[in-house]
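The values are calculated or read from the model by the stated rules, or taken from the named source; none is laboratory data. Since this is a predicted model, take the numbers as computed values, not measurements. Neighbour counts are summed over all protein chains in view; Cβ atoms, including those assigned to glycine, are modelled from backbone coordinates with ideal geometry.
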Amino acid sequence: MIRPAAPADASRIAEMIVTNYRVNFYPFFKNDPYYFAELNVIDTAAEYAEGTEALRHTFVCEDAGVVKGFITVNGAEIEKLYVEPHFQSGGIGAQLLRFAVDELGAEWLWALEYNTRGIAFYRRHGFELTGEKMIEDEWVPLVKMALTGKQNDRKEESK
């Protein structure tokens, strides 16, 4: 079930962010002070407290009372999509992505340039690299991905 995130989900969302950052991004950046001191569940959970912008734009995928993944969409941009590593490759990310596109009008996102697994996932679901790149926080290379025309046509037909 996909539902709007609630303040009670903040610690679970933060746990998934911290875990995924450490598992998926630390191997590229090897920045111990950031990944094992600055990045922590308590501070990250505060970003999803009641009334925050992040909470307002976040939806969780819950199964049997367990939040297994979440997506944050702001306008047409997918800002975050994370699935608990133990539940990855089980269709949760695809379900969240479909929800974002079909129900929220999401059309584009920034992906870590090194995240070949994530880029392949988005490609399987109709997103393609646009050729745009940017550096976030002075050292994080991102690439822009957007829905292809074919995917946009399907989205229009479903309305």
Can you name the condition, by its number, that residue 96 falls short on among (1) at pLDDT 95 or above; (2) farther than 18 Å from residue 69 by Cα? (2)
Do any helices (runs of 4 or more DSSP H) lying entirely in the stretch 1-57 carry at least 2 residues that are closer than 20 Å to residue 87 by Cβ and of a type in the set (S, T, N, Q), and which ones are they? 10-20
Looking only at the stretch 122-159, how many residues end up being part of a strand (DSSP E or B), at pLDDT below 90 and not charged (D, E, K, R)? 1
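Yes or no, residue by residue, for (1) touching a residue at least 12 places away in the same chain (Cβ under 8 Å); (2) among the aliphatic types (A, V, I, L, M); (3) in a strand (DSSP E or B); (4) within 21 Å of residue 62 (Cβ to Cβ):
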residue	(1), (2), (3), (4)
86	no, no, no, yes
89	no, no, no, yes
94	yes, yes, no, yes
97	yes, yes, no, yes
100	yes, yes, no, yes
106	yes, yes, no, yes
109	yes, yes, yes, no
114	yes, no, no, no
120	no, yes, no, no
Out of all the residues in the stretch 19-49, which are free of Cβ contacts under 8 Å to residues at least 40 places away in the same chain, among the β-branched types (Val, Ile, Thr) and touching a helix residue (DSSP H, G or I) at 6+ places or on another chain (Cβ under 7 Å)? 41, 44
Can you tell me which residues in the stretch 50-74 are in contact with a helix residue (DSSP H, G or I) (Cβ under 9 Å, 6 or more places away or on another chain), farther than 15 Å from residue 15 by Cβ and exposed (fewer than 12 other Cβ atoms within 10 Å of the Cβ)? 50, 51
